[in-house]
Each structure stands twice: as C-alpha cells, then as structure tokens.
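Participant: Got a structure for you, questions after.
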Amino acid sequence: MPFETAVLPAAPAGFDTPLLAVAMTRGALPASLTALDQATGGALGRLLAAGDFSGKKDETALVYPPGATARVLLVGLGKPEEVSRTAIRRAASTAAKRARSAGVVRAAFHLPSEALGAVTPAEAGQAMAEGLAQGAWQYTEMKRPPEEKKAALERMDILAPNATAAVAEGSRVGAAIGAGQALARGIQVLPGNVCTPSYVARTAEEIAGRYGFGITVLDKAAIVREGMGALMAVAQGSAEEPRFIALEYQGAEGPPVVLVGKGVTFDTGGISIKPAQNMEDMKYDMSGAAAVLGTFETMGRLRPPVHVVGLVPSTENMPSGTAVKPGDVVTSLLGKTIEIINTDAEGRLILCDALAYARRYQPACVLDIATLTGAIVVALGHTASGVMGTDDQLIEEVRSAGERSGERVWPLPLWDEYRDLMKSDIADVKNAGGRPAGSISAGWFLREFVDGFPWAHLDIAGTAYTDREDATRVKGPTGMGVRLFSEFVLGRQGAGAR
Ligand code: BES
Ligand code: MN
Ligand code: ZN
C-alpha cells in the first residue's frame, strides 16, 4: 500500500489524530508548543520537569492526553545547534516507526519552528517527508497474515502552521524520493528466486509504462549480438537469462546524466564459490540496480527538467557446467580483453560493458553504483559508501549530494600507482587483484572502460542493507542511492552540460 504525506496548515494543539509526533530539541518547551501543552493538561511540561524526556537524539516519550489527540509522541532531535536535515529526517523516521508499532493507520508529525535552526522550511519539509516514508516502510507480503492483523500505517501528515507553502514544496520532493526509496527497498528485499534478471526488467518496464519513459530491454540473444562478452561471461553459468536494461527520462535537452546500477540478482561467487555463511545476503547484490530504478520512480513523480538515462546489466552469478572458469579470457564490449582470475569479481564485469554502452549517449557524466567489494566494508563500515572517479569536481558534487541526502560517501584515491594491480599476463586487464586495496583495484578495473566522459563510481556493499535495526534504518534493505542520486540530479536542474 502506498504511503502518503500531506502538509496541513493546522496547529498541533487539539489536532484530531490517533498519534501526533512532535520533534523537540534539548532544553525547555518552545513557546510555539504552549497551546499543545495546555491541551494536554500540562502533561508535556510535567514530563520535561520530571526529566523523563530531555530531547536527546532518538529519545521518545508517549503521552495519552485527554481530547482529540489520542497520543502525543515526543521525539528527540538532539542539541538545538546540531539540528540538520539529517537530524530531522531521523526524528521523522523514528516517529513513523513508533506510529507503525502502535498500529495506527494515520498519524501526524510536527516540527516546531523554533527547532529549525539553519535548515530552511523547504529543506525541513523534504527531510520530514523522506524520514516518514523511510520509517513507515515494512515488508510483510511473504508472511501468512496473523489472526489479528495490525493495520499498516497509511498516511502521516505534516502539521506546518507556519511557512506552509515552503514546507509543502519540500515535502512534495521528499515524498517522491521516499516513494523511490520504497520502490528500491521493495525489490531489494525480494529473494533471488523471485527477483530474477527478467523480474528486474519487468519492473523497469512497469515504471517506464507508468511514466512514459523510453525503455530498451536486451535479452540474452541481443546481449550476445551487442558484443557484451563480459556480461555474458557472468551470465553463461546460469539457467536464468540475463537482461540489459536502458531507461531514459528526457525532461530537458542536452547530454544526459547516466546512472549505471549493478543488477546481480544472486551472487554465489560462481566457480570461485562463496562460503555458505551469510550467502543469503547476496540476494542484495542487485541493490545498485534498485537504486537506479528507485531514482526513476522519483523522477517520474517529480518530472524535473533534467535528462537522465539508467543502465542496468542484470544476471545471476552461478557455478555450473557452462559457467566461466578462473583463467578464462573474454572480450568486453569496449574491445578490451579480460582475464577472469576470480569469478566472484563479477560485478565489475557486468558494469564494464554498461560503461562501454554508455558512450552512445555522449553523457554529461556517468555515475555507477554497485555492491562491489567486501573491502569497502572493511574500509568504511556501514556508515559511508566509497566514491572513486576520474573527475575531482564530479566526486565533490557526488559527495555534496551525499551530505545533503544523508547518504554519505567518502572518496578513495584512484592513483596511477594502483593501476598495476589489474595487469594481466595474457590479456589487456584481469578482473581481480589481490587483497590489498580491494575497493580501489575494483575502481581501477572500471576506469579501464571509461572512455570519453566524467565518471564516478559508488561502492555500496556496506550500506545497501543492514542486519540490525537502528534509528535511521530498518533491518534489511536501505534503498541506498535513491536519495543521493535524486539530490544529485535535482542539483543539476537547469545546469545544462557541465
Ligand atoms: N557482491 C560482492 C561484494 C559484496 C561483499 C557485497 C559483501 C556485499 C557484501 C562482489 O561480487 C564480490 O564478491 N567481490 C569480491 C571481489 C574479489 C573476489 C576480488 C570481494 O569483495 O570479495
Ligand atoms: Mn561476487
Ligand atoms: Zn557481487
């Protein structure tokens, strides 16, 4: 069921709702909440005076006042001077999660104007809408419904009696991004037997049909005909056919931003097979593809004046009698030959053909996104994704979009010294270096296939999914990339070719 958010000019005091969440910084009750405090019979003031709620980050307290507001949920924002888009998004997400666990169908959220700090009303509106959608998300489709099914949270409205129009404009953007992120999470979470390459392609076709985007889907025969020997090397061991998907939204003239997403619907490692422990997580190896499709969902809702192309190479990586073997040499779409040292380094193989395919669009820039290396988890943990590229200005633009969106990325160097890691004895390049600089050598491999456009690569292996619940994440898929890509693309509105 789609989750919805509207911005209402209503004041929080006496608002008729099963649950009203109010975000609060540390310190005294802000003046704008005096009426709400009175409506609760002074309960908020007493709660603060008793020290039962201080406004600490992620702190919550629930009050059951008399009157039309059944529950008031206070949510901590942290220190007033530290209020940011990230803090607001996080509080909204916490509120929506709490509303979800309370089993209410609708709820409301209010951010007192005193708490805004340096954040503009429009930015706050966007962050609130993103956070609410983020916290409201859940996946129950594959479970038998319980006898007494708890209702799903269908809508959470934002109460903004001040700057209503600006908050509403931001919230329109945030809700579209939230919906894109939900779409990404919805396909990420699906198991490998459901979310196959043809399923990914059907999802792309469905999005394209809904919004009138251009779409091309290459099946196996067409992929072979096209000369994508690296993608085919990964796909040849699988009974499931690969797909190569190209989506296009032309909201403006001029060279497009091309987004490339790794769509490995299950990564066993192939003949270089992975250990059994946690192998089930490799259903998430299509998270880059999900980020690209989610971004198109957002673009379809917003229709901004931008030109965006999405490329998704999609395949399984399986061991079998027809699978590619370590030592095999294949010819990529660009024409470079690749010695496949390790069949588990398959992501770079499918991406390199997509990078070569991107040339035909004469892109303004190409951003690829992939759960590419375990090494990035060692380097940056689950807090940030890695970014590498050919163009410092582009990397900075990506980094800045990451900060604004709360999907942080951090640069790793692609210095020439690292290039030697990917030298092959018999082919132009090999697909796996050794353990040292594992994320950088993967980046260098991709760089070998970048021809004629500024390029940046995002390694999201540590951020695409999470095995534990925290304030900003629900256990499982995160939709990583949709917020960053949307922020990046929207930031280029009217910029033309840069
Ligand atoms: N899909 C994996 C990377 C990955 C690891 C994603 C952990 C999410 C969590 C990728 O295809 C892979 O297997 N990479 C290898 C490369 C190596 C063989 C050079 C890796 O990181 O071990
Ligand atoms: Mn792999
Ligand atoms: Zn993989």
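Participant: Go through segment 362-379 and give me each residue that's open to solvent by 50 Å² or more (accessible area, probe 1.4 Å) and more than 16 Å from ligand 2 (Cβ to nearest atom).
Facilitator: Going residue by residue through segment 362-379, those that are open to solvent by 50 Å² or more (accessible area, probe 1.4 Å) are 362, 374, 378-379.
Once the filter is applied, which keeps residues that are open to solvent by 50 Å² or more (accessible area, probe 1.4 Å) and more than 16 Å from ligand 2 (Cβ to nearest atom), segment 362-379 yields Gln362, Ala379.
Participant: Quick check on segment 338-349. Is at least one of its residues more than 24 Å from Ala239 (Cβ to Cβ) and open to solvent by 20 Å² or more (accessible area, probe 1.4 Å)?
Facilitator: Yes, segment 338-349 contains a residue that is more than 24 Å from Ala239 (Cβ to Cβ) and open to solvent by 20 Å² or more (accessible area, probe 1.4 Å).
Participant: Let me ask something else. How about segment 300-411: which helices (runs of 4 or more DSSP H) wholly inside it have at least 1 residues that are of a type in the set (D, E, K, R)?
Facilitator: Filter on segment 300-411 gives 347-358, 392-405.
Participant: Now a separate question. Tell me which of these Arg106 doesn't satisfy, since it passes every other one: (1) more than 16 Å from Leu19 (Cα to Cα); (2) modelled with pLDDT of 95 or more.
Facilitator: (1)
Participant: I've got another one for you. Which of the residues belonging to segment 269-289 are of a type outside the set (Gly, Ala, Ser), open to solvent by 10 Å² or more (accessible area, probe 1.4 Å) and on the phi < 0 side of the Ramachandran plot?
Facilitator: Within segment 269-289, Ile271, Ile273, Lys274, Pro275, Gln277, Met279, Glu280, Asp281, Met282, Lys283, Tyr284 qualify.
Participant: If only one of Pro9, Pro30 is in the same structural domain as Gly131 (by TED's automatic domain parsing), over 32 Å from the mean Cα position of the chain (by Cα) and surrounded by fewer than 18 Cβ atoms within 10 Å (Cβ to Cβ), which one is it?
Facilitator: Pro30
Participant: Does segment 260-288 hold any residues that are within 13 Å of the chain's Cα centre (by Cα) and either away from ligand 2 (no atom under 15 Å from the Cβ) or more than 17 Å from Thr478 (Cβ to Cβ) (or both), and which are they?
Facilitator: Passing the criteria: only Gly261.
Participant: Sticking with this structure for a sec: If you go through segment 87-108 one residue at a time, do you hit one that is farther than 26 Å from Lys150 by Cα and of a type outside the set (A, V, I, L, M, F, W, C)? Spell out the reasoning first.
Facilitator: Here is the first cut: in segment 87-108, the ones farther than 26 Å from Lys150 by Cα are 87-88.
Keeping just the survivors that are of a type outside the set (A, V, I, L, M, F, W, C) gives none.
No, segment 87-108 contains no residue that is farther than 26 Å from Lys150 by Cα and of a type outside the set (A, V, I, L, M, F, W, C).
Participant: Could you check, for segment 241-252, whether at least one of its residues is farther than 27 Å from Pro363 by Cβ, within 16 Å of ligand 3 (Cβ to nearest atom) and either at pLDDT 95 or above or within 19 Å of the chain's Cα centre (by Cα) (or both)?
Facilitator: Checking segment 241-252: not a single residue is farther than 27 Å from Pro363 by Cβ, within 16 Å of ligand 3 (Cβ to nearest atom) and either at pLDDT 95 or above or within 19 Å of the chain's Cα centre (by Cα) (or both).
Participant: Mind telling me which of the residues Thr295, Thr216 ends up being buried (at least 24 other Cβ atoms within 10 Å of the Cβ), over 22 Å from Leu446 (Cα atoms) and either more than 16 Å from ligand 3 (Cβ to nearest atom) or not hydroxyl-bearing (Ser, Thr, Tyr) (or both)?
Facilitator: Sole residue among the options that is buried (at least 24 other Cβ atoms within 10 Å of the Cβ), over 22 Å from Leu446 (Cα atoms) and either more than 16 Å from ligand 3 (Cβ to nearest atom) or not hydroxyl-bearing (Ser, Thr, Tyr) (or both): Thr295.
Participant: Separate question: If I ask for residues that are touching a helix residue (DSSP H, G or I) at 6+ places or on another chain (Cβ under 8 Å) and either open to solvent by 10 Å² or more (accessible area, probe 1.4 Å) or basic (Lys, Arg) (or both), which ones from segment 99-109 would you list? Explain how you work it out, then say what you get.
Facilitator: The first filter runs over segment 99-109 and keeps only residues touching a helix residue (DSSP H, G or I) at 6+ places or on another chain (Cβ under 8 Å), leaving 99-100, 107, 109.
Correct list: Arg100 only.
Participant: Also, quick follow-up: Consider Ser385 carefully, then state whether it is free of Cβ contacts under 8 Å to residues at least 24 places away in the same chain and crowded, with 23+ Cβ neighbours inside 10 Å.
Facilitator: The answer is no for Ser385.
Participant: Does segment 405-425 contain at least one residue that is polar (S, T, N, Q) and within 16 Å of ligand 3 (Cβ to nearest atom)?
Facilitator: No - not one qualifying residue is present in segment 405-425.
Participant: Answer with yes or no whether Asp425 is surrounded by fewer than 24 Cβ atoms within 10 Å (Cβ to Cβ) and either outside any loop (DSSP other than H, G, I, E, B) or touching a strand residue (DSSP E or B) at 6+ places or on another chain (Cβ under 7 Å) (or both).
Facilitator: Values: surrounded by fewer than 24 Cβ atoms within 10 Å (Cβ to Cβ): yes; either outside any loop (DSSP other than H, G, I, E, B) or touching a strand residue (DSSP E or B) at 6+ places or on another chain (Cβ under 7 Å) (or both): no.
It is false that Asp425 is surrounded by fewer than 24 Cβ atoms within 10 Å (Cβ to Cβ) and either outside any loop (DSSP other than H, G, I, E, B) or touching a strand residue (DSSP E or B) at 6+ places or on another chain (Cβ under 7 Å) (or both).
Participant: Under 7 Å between Cβ atoms, which residue pairs at least 6 apart in sequence (or on different chains) link something in segment 172-187 that is open to solvent by 10 Å² or more (accessible area, probe 1.4 Å) with a partner that is among the basic types (Lys, Arg)?
Facilitator: Here the result reads Ala179/Arg301, each pair linking segment 172-187 to a residue that is among the basic types (Lys, Arg).
Participant: Oh, and also: Residues of segment 265-323 being more than 16 Å from ligand 1 (Cβ to nearest atom), among the aliphatic types (A, V, I, L, M) and under 19 Å from Met480 (Cβ atoms), which ones?
Facilitator: The first filter runs over segment 265-323 and keeps only residues more than 16 Å from ligand 1 (Cβ to nearest atom), leaving 292-311, 320-322.
Next, only the ones that are among the aliphatic types (A, V, I, L, M) stay: 292-293, 299, 302, 306, 308-309, 311.
Listed by number, the residues that qualify are Val292, Leu293, Met299, Val308, Leu311.
Participant: Output the number of residues of segment 363-393 satisfying the condition of being closer than 22 Å to Val257 by Cβ, among the hydroxyl-bearing types (Ser, Thr, Tyr) and within 16 Å of ligand 1 (Cβ to nearest atom).
Facilitator: Adding up the residues that qualify gives 2.
Participant: I'd like the residue in segment 315-336 that is β-branched (Val, Ile, Thr) and open to solvent by less than 40 Å² (accessible area, probe 1.4 Å) and, out of all such residues, is nearest to ligand 3 (Cβ to nearest atom).
Facilitator: Thr315
Participant: Restricting to segment 431-488, what's the tally of residues that are over 12 Å from the mean Cα position of the chain (by Cα), open to solvent by 30 Å² or more (accessible area, probe 1.4 Å) and farther than 23 Å from Thr343 by Cα?
Facilitator: So the count comes out to 9.
Participant: Would you confirm whether or not segment 12-22 contains a residue that is free of Cβ contacts under 8 Å to residues at least 40 places away in the same chain, in a loop (DSSP other than H, G, I, E, B) and surrounded by fewer than 18 Cβ atoms within 10 Å (Cβ to Cβ)?
Facilitator: Within segment 12-22 (the criterion being free of Cβ contacts under 8 Å to residues at least 40 places away in the same chain, in a loop (DSSP other than H, G, I, E, B) and surrounded by fewer than 18 Cβ atoms within 10 Å (Cβ to Cβ)), the answer is no, since none of the residues qualifies.
The values are calculated or read from the model by the stated rules, or taken from the named source; none is laboratory data. This one's a predicted model, so the numbers in the text were calculated from it and none came from an experiment. Backbone-built Cβ (ideal geometry, glycine too); neighbour counts: all protein chains shown. Side chains included, ligands, DNA and RNA excluded: accessible areas come from the protein's heavy atoms. Shrake-Rupley method; radii C 1.70, N 1.55, O 1.52, S 1.80 Å.
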